[in-house]
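Read the structure below first, then the notes.
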Amino acid sequence: MGEVVTVLGPIPEEHLGVTDAHDHLFLRSPALPGQDFDDVDKAVEELGGAASGGLQAVVEVTPIGLGRRPAKMRALSEATGVHIVAATGYHRDAHYEEGHWVRVASVEILAERILADLQRGMHPEDWLTDAPLDSARAGVIKSGASYQRISAREERRLIAAAIGTRETGAPILVHTEIGTCGHEIIDLLTREGVNPGRIILAHLDRNPDFELHAEIAARGVTLEYDTPGRIKYRPDSQLIDLVDAMVRAGHEGALMLGLDLGQRDYFRSYGGGPGLGYLMDSFVPRLRRRVGDDAIRKILVDTPARAFAMSPQ
Ligand SMILES: [Zn+2]
């Protein structure tokens with residue numbers, strides 16, 4: 001059995017428990033003006049509420065340069081008892097202003113900083129200063145591609161992520177824009193020596209195309225759906241139909257769920273919704289009635305434990 005690296009240290013993968021596989025506790029991005037969130041008390045309220053609904057772990061995929069907060073994540077995990085897996089790596093182009101070091105850095109620098117975050121501790125100020133590294137290590141590598149294309153800069157960042165995985169066995173979670181470029185991302189990462197079992201594709205439910213998802217699952221990649229409760233995209237009923245179709249086709253071991261609350265307006269504590277409690281309080285009970293306990297345990301517990309455990313290639 002492998003270990004999952006949380007902000008409070010490594011744990012055996014079987015201790016991870018019920019996991020929200022994609023969320024945000026602290027974030028700021030030039031692509032989301034006025035939507036930043038950074039308040040520890042509000043985060044304790046959100047995560048504590050989710051924990052009372054049964055959530056035991058959250059994968060916090062705010063990457064380098066978007067306001068990730070290692071010390072605050074440690075405090076939050078201590079206050080709520082919820083395991084937090086933090087991210088290194090980089091987002092797609094839109095989240096970095098012109099001139100940001102992430103846009104211009106070489107593959108070597110990009111990879112070196114990923115490796116430091118994974119092996120020594122996360123940089124508390126996203127490598128903008130020479131501050132000492134935090135005690136919290138990252139446990140997952142974030143990456144990202146644009147809508148319908150992987151830009152040259154995104155390709156450099158994906159190659160750096162692949163180096164991080166080759167050296168440490170860390171999983172790579174890749175943002176797909178509206179679910180596009182899934183096969184292209186897998187092609188690129190496997191070309192760079194990454195085992196498909198280390199690849200997680202996020203937001204595929206933005207393009208709820210069952211046949212495409214079944215093809216991706218058949219390549220040995222983990223799919224992560226994260227629009228429950230975000231009604232602007234589609235009703236939950238359609239997402240439940242999609243999960244049900246995947247389970248019936250035998251792909252229940254390839255799926256994970258998250259909420260991806262990446263804006264202030266998505267949190268109850270900031271006056272919006274659906275809030276971090278939505279997954280366990282509203283969506284999962286409804287999904288459980290459709291797909292049953294066995295599939296729910298795979299989606300929320302077994303697959304996250306496998307997907308997020310460090311696994312030497
Ligand atoms: Zn996200």
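The values are calculated or read from the model by the stated rules, or taken from the named source; none is laboratory data. As the structure is a prediction and not an experimental result, all values here were calculated from the model. FYI the Cβ positions are ideal-geometry reconstructions off the backbone, even for glycines, and counts take in every protein chain you see. Heavy atoms of the whole protein, side chains included, go into the accessibility calculation; ligands, DNA and RNA do not. Shrake-Rupley method; radii C 1.70, N 1.55, O 1.52, S 1.80 Å.
What percent do you get for the relative contact order of the chain when only Cα pairs under 8 Å and 6+ apart count? Can you show the working numbers first?
Numbers: 683 pairs, mean separation 68.0, N = 313.
Value for the chain: 22 percent.
Run the reach check for LYS42 against lysines, Cα to Cα strictly under 20 Å, same-chain hits fewer than 8 apart removed. What comes back?
LYS42 reaches LYS72.
FRET efficiency for ARG288 and ARG149, Cβ-Cβ distance as r, R0 = 41 Å, nearest 0.05? The partial results should precede the final answer.
On the way: r = 38 Å, r/R0 = 0.92.
Efficiency computed from Cβ-Cβ geometry: 0.60.
Mind checking the per residue accessible area of segment 13-128 for me, 1.4 Å probe, whole number of Å²?
Details: 4140 Å² over 116 residues.
Averaged over the residues of segment 13-128, the accessible area is 36 Å².
Under a 1.4 Å probe, what is the accessible area of segment 170-281 per residue, stated in Å²? Walk me through the intermediate numbers first.
Details: 3700 Å² over 112 residues.
The answer is 33 Å² per residue.
Show that you can apply the helix-only estimate: for the chain, add -39,500 (n - 2.57) for every DSSP H stretch of four or more residues, divide by all residues, and state [θ] at 222 nm to the nearest 500.
-10500 deg cm²/dmol
Which number comes out as Rg/Rh for the chain once both Rg and the Kirkwood Rh are worked out on C-alpha atoms?
0.93
Which of the peptides 188-196, 146-154 is most tightly packed, and how do the rest follow, judged by the mean count of other Cβ atoms within 10 Å per residue?
188-196, 146-154
Using a simple spin-label model with points 7 Å from Cα along the Cα→Cβ vector, what separation in nm is obtained for ARG234 and ARG103?
About 3.4 nm, to one decimal.
Got a number for carbon plus sulfur as a percent of the chain's accessible area, 1.4 Å probe?
Its accessible area is 47 percent carbon and sulfur atoms.
Can you tell which of GLU60, GLU45, GLU224 shows the greatest fluctuation in a Gaussian network model of the chain with Cα springs below 10 Å?
Maximum among the listed residues: GLU45.
Starting from 0.36 nm per residue, how many nanometres of slack lie between THR129 and ALA75 once their C-alpha separation is accounted for?
Working: separation 54, 0.36 × 54 = 19.44 nm, distance 2.24 nm.
17.2 nm is the gain from fully extending THR129 to ALA75.
In nanometres, what is the gap between the two model label sites at ASN207 and ARG297, each 7 Å from Cα along Cα-to-Cβ?
The answer from the label model is 3.5 nm.
With springs connecting C-alpha atoms under 10 Å apart, model the chain as a Gaussian network and identify which of ILE109, ILE186, ILE199 has the largest mean-square fluctuation.
Answer for the Gaussian network model of the chain: ILE109.
Determine the distance separating the Cα centre of segment 109-157 from the Cα centre of segment 285-307; give it in Å without decimals.
Using only Cα atoms, the two centres lie 30 Å from each other.
So how do 127-133, 91-97 stack up, highest first, on mean other-Cβ count within 10 Å?
91-97, 127-133
For SER146, which sequence-distant residues (separation of 5 or more, or a different chain) have an amide H within less than 5 Å of its own amide H, given hydrogens modelled in the peptide plane?
SER151
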